[in-house]
Amino acid sequence: MTINNLLKQALESFPNFVVVDVDGIIVYMNNIYAKFLGIKQEDAIGNHVSNVIPNTRMDIIIKTGIAEIGSIMKFYDHERKENVTLVCNRIPIIEDGKIIGAVAATTLNNIFEINTLYDELERIKEEHKNILEELESYKMNANSLNNIIGTSEAIKIIKTSITDYAKSNLPILITGETGVGKEVFANAIHQLSNRFANNYVKINCAAIPSDLLESELFGYAEGAFSGAAKGGKIGKFELANNGTILLDEIGDMPMFLQTKLLRVLQENEVERLGSVKTIRLNIRFICSTNSNLEELVEKKQFREDLYYRINAVKITVHPLRERISDIPALCNHFITKVNSIEGLNIQGISEDVINIFQKYCWPGNVRELEHTIHRASVLAKDGIIQTKHIQFLNDRLIKKRDASSIDNSLKGIIENVEADAIIGALKKTYGNKAEAAKLLNIDRSLLYSKLKKYNIEVK
């Protein structure tokens, strides 16, 4: 095959291809384009392009010498007998700096092919996103224990327990006061488990009304009750299948649901409300609570058999006041977090503030410390957090006695002065009773007696 024949066959392979000279006369149009327009190839050649191609812009390209790439054109396809929208490229032909003609070709037969390409691109983007998320999961899995801030002996013991039991299927019960960060420890367990790439479902048993909690956990079949969604609804247990479920505040679960939960744990199966179909489950259970489940069991408010079922491994998170050595690391962690959220430039925290924090009782635990750092950082804006930035702690520290109970007699005035002195000492020591007793030069037991006498409450 000669080069001329090869070139002609190449041009005939384009979806739609046309060449015009400097006057706009068609010197070549491939057979595909001619059939598309409903004319013969030989009839198109020699005609002005505007007489052959509706709404053509070839004459404009010749005048301006500016290429048009990706232009949209609407045509009637005489072969398919339908209206189509094409993507067209028009390019001037230049020789020795002069325009001698122009060439045009469509890159897609129909703009709907763009939608196909777009859908494919979106699919690839979604796959890319999933890969990145999976890589992030691997990253989190590798560093999940680093999300547990602290080096105290209590934290070290918990980290060891998580490492020992995370890859098992044993149910784990996490206990601790409100605000100690039980969810952080639960997250680490899931991330270190063999299920980390599967669903991790969390549900707060105290935050959902008991009449709704059952349908949230078990799901329901279509028509199970008035107002049930068409097609039914998948429950949290099903959603967590092959993964992990965190039942937060398990101590607040109603007794009738405790019975149903026990069956799920024992039989590894669940039925949606209003359905008789049994669904097999493979779930890792993590439960958490700030309640004393042993006391609830004694009071017949929590099933004893369920308690022992979820308590295969128990992790107790100690309150912050019992692990004050973790406070500096937690402060630095929260400062970094707040700087990112608020766009601040807090560079650290003074030793005086750390000393105050380590004396403070932290009734709200780590959550209260985080909120305190956040508020102090906003006040400081940059530099170092100083004692002046945490004065608000005193405002919520001491609950003064009722003013109506104050005695205005001589004895009462003396007692008022004594009560004010005690309140002042507690404020100076940020609620540390032992330090306040030293400041007042009295025995700690006497201070406790005075607090009760004057109805002074230290939060």
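The values are calculated or read from the model by the stated rules, or taken from the named source; none is laboratory data. As the structure is a computational prediction, the values presented were derived from the model and not from experiment. Virtual Cβ from ideal backbone geometry, glycine too; neighbours counted across all protein chains shown. Surface accessibility is based on the protein's heavy atoms, side chains included, excluding ligands, DNA and RNA. Shrake-Rupley method; radii C 1.70, N 1.55, O 1.52, S 1.80 Å.
Quick notes on this one:
- When both region 323-388 and region 431-459 are represented by their alpha-carbon centers, they are found 27 Å apart.
- Separation of alpha-carbon centers, region 12-52 and region 85-102, rounded to whole Å: 14 Å
- Theoretical gain in end-to-end length, residue 21 to residue 207 [0.36 nm per residue, Cα-Cα removed]: 59.3 nm
- In region 1-67, the C-alpha radius of gyration followed by the widest Cα-Cα span (Dmax) gives 12.4, 38 angstrom.
- Length, then width, then depth: along the principal axes, the Cα atoms of region 274-350 run 59, 34, 20 Å.
- In the chain, the calculated helix contribution to ellipticity at 222 nm averages -13500 deg cm²/dmol per residue, counting -39,500 (n - 2.57) for every DSSP H run with n ≥ 4.
- Interchain or long-range residues, amide H under 5 Å from residue 16's placed H: 106
- Crossing angle, helix 112-143 versus the chain [Cα axis fit, 0-90 degrees, rounded to tens]: 30 degrees
- For the chain, the solvent-accessible area of protein heavy atoms averages 55 Å² per residue (probe radius 1.4 Å; ligands and nucleic acids excluded).
- Shape annotation for region 340-396: C-alpha extents along the principal axes are 29, 21, 18 Å, from largest to smallest.
- According to the Cα-based calculation, Rg over Rh for region 218-257 is 1.06, with Rh computed by the Kirkwood formula.
- Within the chain, longest stretch free of exposed GluC sites (Glu not before Pro) [DSSP loop, at most 15 other beta carbons within 10 Å]: 223-459
- Between residue 312 and residue 156, the contour length at 0.36 nm per residue exceeds the Cα-Cα span by 54.1 nm.
- Antiparallel bridge percentage (DSSP; both residues within the chain; nearest 5): 60 percent
- Computed label-point distance, nm, for sites residue 226 and residue 12 using a 7 Å Cα→Cβ extension: 7.6 nm
- Coil-residue trypsin sites (Lys or Arg not before Pro) of region 317-393, DSSP, other Cβ within 10 Å capped at 15: 381
- Derived from the Cα gyration tensor, the three semi-axes of the equivalent ellipsoid of region 200-328 are 30, 16, 15 Å, largest first.
- Percent accessible area from carbon and sulfur atoms, region 9-79, protein chains only, probe 1.4 Å: 53 percent
- Projecting the Cα positions of 247, 266, 201 onto the charge dipole of region 190-271 (unit charges on Cβ atoms of Lys, Arg, Asp and Glu, taken about the Cα centre) puts 201 furthest along the positive direction.
- Gain on full stretching of the segment that runs from residue 183 to residue 276 - 0.36 nm per residue minus C-alpha separation: 30.1 nm
- Across every pair of non-identical alpha carbons in the chain, the mean reciprocal distance, once inverted, gives a Kirkwood radius of 29.8 Å.
- Inter-label distance, nm, simple model (7 Å from Cα along the C-beta direction), residue 239/residue 128: 3.0 nm
- Portion, in percent, of the accessible area of region 300-342 that falls on carbon or sulfur, probe 1.4 Å: 46 percent
- Helix 444-453 axis, angle to the chain major axis (alpha carbon atoms, nearest 10°): 80 degrees
- Solvent-accessible area of region 146-222 (1.4 angstrom probe, protein heavy atoms only): carbon and sulfur portion equals 50 percent.
- Rounded, prolate or oblate (a/c below 1.5 giving rounded, otherwise prolate when a/b exceeds b/c) for region 177-254 by Cα gyration tensor: oblate
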